[in-house]
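Peer 1: My structure is below; once you've seen it, I'll send some questions.
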Amino acid sequence: MVRIVIFASGSGSNAERIIEYFEKKGGVEVVMILTNNPQAGVIERGRRLGVPTLIFDRKTFTQTDKIVEILRYQAVDWVILAGFLWLVPQNIIRAYHNRIINIHPALLPKYGGKGMWGHHVHQAVVDNREKESGITIHMVDEKYDEGKVIFQASCAVDENDTAETVAQKIHLLEYEHFPVIIDKVVNWELDLGLAE
Ligand code: GAR
């Protein structure tokens, strides 16, 4: 059994899809949700789905090894970021080198970097009259949104779209692809050309 955890800061609709996907398919277990946000919707989803949630603060995350210790204690193999908004600190990146996967709601390298998350991304896409947007699933390194791209999918954006309607299109792409790509990566079914 491959053991994964999900880090999420907000609603957690992707986390829910991932948990449901692996409950049905088996082979991968979501052992824990971790969040920095005591108000996050993902906490209620975790409760409903029977997945324990750990809430941590910035000091614990950035200045201690507690998170790494918990992940090791839980024998976690892979870390999934699903709407997680803090930069992952060096100690976690080192402990889980090439084992942390993020989803970004745009076609990186466009609309990435600090401050580019959720509706900020979609508003910028609409403001710039982009003809398309999409999702990027990528490995996480010590910079925001710069790790190796694993998968991208796009959708059309037209002049009637608002940040909200783009967000809906992006969420549909995320639900369709993220669990499947996680499944492939953690089971080594994709050749990512990554050094161990
Ligand atoms: C998702 O669209 C995800 O791509 C985005 O936050 C949303 C979370 O939705 N992530 C980022 O913007 C990271 N930079 P959810 O909480 O409903 O899964």
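The values are calculated or read from the model by the stated rules, or taken from the named source; none is laboratory data. Computed from a predicted model, the values in this text were never measured in an experiment. Note: ideal-geometry Cβ built from the backbone for every residue, glycine included; neighbour counts use all protein chains shown.
Peer 1: Regarding K184, is this residue surrounded by fewer than 18 Cβ atoms within 10 Å (Cβ to Cβ), in contact with a Leu (Cβ under 7 Å, 6 or more places away or on another chain) and under 23 Å from L34 (Cα atoms)?
Peer 2: Here the answer is yes, as K184 does meet what is asked.
Peer 1: Can you tell me how many residues in the stretch 96-112 are more than 9 Å from the ligand (Cβ to nearest atom) and not polar (S, T, N, Q)?
Peer 2: Count: 10.
Peer 1: Okay, moving on. Considering every residue within the stretch 141-156, establish whether at least one is part of a helix (DSSP H, G or I) and on the phi < 0 side of the Ramachandran plot.
Peer 2: Filtering the stretch 141-156 for residues part of a helix (DSSP H, G or I) gives none.
Checked against the condition, which is being part of a helix (DSSP H, G or I) and on the phi < 0 side of the Ramachandran plot, the stretch 141-156 yields no hits at all.
Peer 1: Something else: Of everything in the stretch 38-85, what is within 14 Å of the ligand (Cβ to nearest atom) and in a helix (DSSP H, G or I)? Give them in sequence order.
Peer 2: Scanning the stretch 38-85 gives G41, V42, I43, E44, R45, G46, L49.
Peer 1: Checking V157 against (1) of a type in the set (A, V, I, L, M); (2) out of contact with any strand residue (DSSP E or B) (no Cβ under 8 Å at 6 or more places or on another chain); (3) under 18 Å from V121 (Cα atoms): exactly one of these is not met. Which one?
Peer 2: (2) is the only condition that V157 fails.
Peer 1: Report, ordered by the first and then the second residue, all pairs with beta carbons closer than 6 Å, sequence separation of six or more or different chains, a first member in the stretch 8-22 that is more than 7 Å from the ligand (Cβ to nearest atom) and at pLDDT 95 or above, and a second member that is aromatic (F, W, Y) and not in a helix (DSSP H, G or I).
Peer 2: Once the first residue is more than 7 Å from the ligand (Cβ to nearest atom) and at pLDDT 95 or above and sits in the stretch 8-22, its partners that are aromatic (F, W, Y) and not in a helix (DSSP H, G or I) give S9/F84.
Peer 1: While we're on this one: Taking the stretch 102-139 only, how many residues are of a type in the set (V, I, T), surrounded by 21 or more Cβ atoms within 10 Å (Cβ to Cβ), in contact (Cβ under 8 Å) with a residue 40 or more places away in the chain and not in a strand (DSSP E or B)?
Peer 2: Qualifying residue count for the region: 1.
Peer 1: Take the residues in the stretch 12-36 that are surrounded by fewer than 20 Cβ atoms within 10 Å (Cβ to Cβ) and of a type in the set (S, T, N, Q), then tell me which one is nearest to V79 (Cα to Cα).
Peer 2: Looking at the filtered set, the residue picked out is N36.
Peer 1: Looking at the stretch 115-138, which of the residues that are aliphatic (A, V, I, L, M) and within 15 Å of A82 (Cα to Cα) is modelled with the lowest pLDDT?
Peer 2: The extreme case among them is M116.
Peer 1: Among D141, D145, which is the only one that is at pLDDT below 95, under 15 Å from the mean Cα position of the chain (by Cα), under 27 Å from K66 (Cβ atoms) and more than 12 Å from the ligand (Cβ to nearest atom)?
Peer 2: D141
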